[in-house]
Amino acid sequence: MDNKGGIQKGTKHKVVFTHNEVLKWVRSAQSGDELRVAKGLYLRKTESSALWFYRYASPVTGKQVRVNLWANDDRGMVGFPTATLEDAETRAKNIRATIATGVDPLLQAEEARQAELRAAEVEVLRLEAERLQLEEAQKAADLERERRISLRTLFDRWRDVDL
């Protein structure tokens, strides 16, 4: 990992960057370079932009996890400067708070996604059952309509069969 402009490995002091310092780093960095701007908060330079991610040890599995801070954003992968240093620090703070409660945000997001999928499947099944019920009701109504005959039809049948 290239620490160009970031924290040297093993350093324990608090890191304070300004927007302009981060912007300067982004302009000089090469694709693949990473800048550690706070505890667990990194900016990774890509070919076309720089993306924010947060690295933490999962309280559930104990494994190191890297999560893109804006991976699930409606606008797509949002990076610097669209997502400012302050925005990234706020998201990282929220992740830290979630981790402090013993919950892995990545696992929590996956569980929420699975729950949404299950809910969508239940909704599809409900709509299918409703459609089948409407079809059955329509068939029953058609059958009832066929059973009903007018007085004229009854007379014509009687005349044709019995006379």
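The values are calculated or read from the model by the stated rules, or taken from the named source; none is laboratory data. Just so you know, these numbers come straight off a predicted model, no measurement behind them. Counting neighbours? That spans all protein chains shown, and the Cβs are built from the backbone with ideal geometry, glycine included. Ligands, DNA and RNA are excluded from the accessible area calculation, which covers all protein heavy atoms including side chains. Shrake-Rupley method; radii C 1.70, N 1.55, O 1.52, S 1.80 Å.
With a cut-off of 15 Å between beta carbons, the residues surrounding A57 carry a summed charge of +4, where Lys and Arg count +1 and Asp and Glu -1. Calculation over all alpha carbon pairs of the stretch 80-156 in 10 angstrom steps from 0 returns a P(r) of 15, 18, 17, 14, 11, 10, 8, 6, 3 percent. Solvent exposure of the chain, expressed per residue, is 72 Å² of accessible area, with all protein chains present and a 1.4 angstrom probe. Relative protection proxy for 38-49, 130-141, 97-108, from highest mean packing down: 38-49, 97-108, 130-141 (other beta-carbon atoms within 10 angstrom).
Candidate values [x] 1.04; [y] 1.53; [z] 1.21 were compared with Rg/Rh (Cα atoms, Kirkwood Rh) computed on the shown model; the agreeing label is [y].
If you count Lys pairs in the chain whose Cα atoms are under 12 Å apart, skipping same-chain pairs closer than 8 places in sequence, the total is 5. Computed from Cα atoms, the angle from the helix 19-28 axis to the main principal axis of the chain rounds to 90 degrees. Between 0 and 90 degrees, the angle of helix 85-100 with respect to the longest Cα principal axis of the chain falls at about 70 degrees.
Compared with the dominant principal axis of the Cα atoms in the chain, helix 105-147 is inclined by about 10°.
The helix-based estimate of mean residue ellipticity at 222 nm for the chain, built from -39,500 (n - 2.57) per DSSP H run of four or more residues and divided by its residue count, is -17000 deg cm²/dmol to the nearest 500. The figure for W25 is an accessible area of roughly 20 square angstrom, using a 1.4 Å probe on the protein chains alone.
Express the carbon and sulfur contribution to the solvent-accessible surface of the chain as a percent, rounded to the nearest whole number, probe 1.4 angstrom. The partial results should precede the final answer.
Details: 6330 of 11790 Å².
Heavy-atom surface of the chain belonging to carbon and sulfur, 1.4 Å probe: 54 percent.
Percent relative contact order of the chain, based on C-alpha pairs within less than 8 angstrom and at least six residues apart? Don't skip to the end; give the middle numbers.
Numbers: 149 pairs, mean separation 21.4, N = 163.
Value for the chain: 13 percent.
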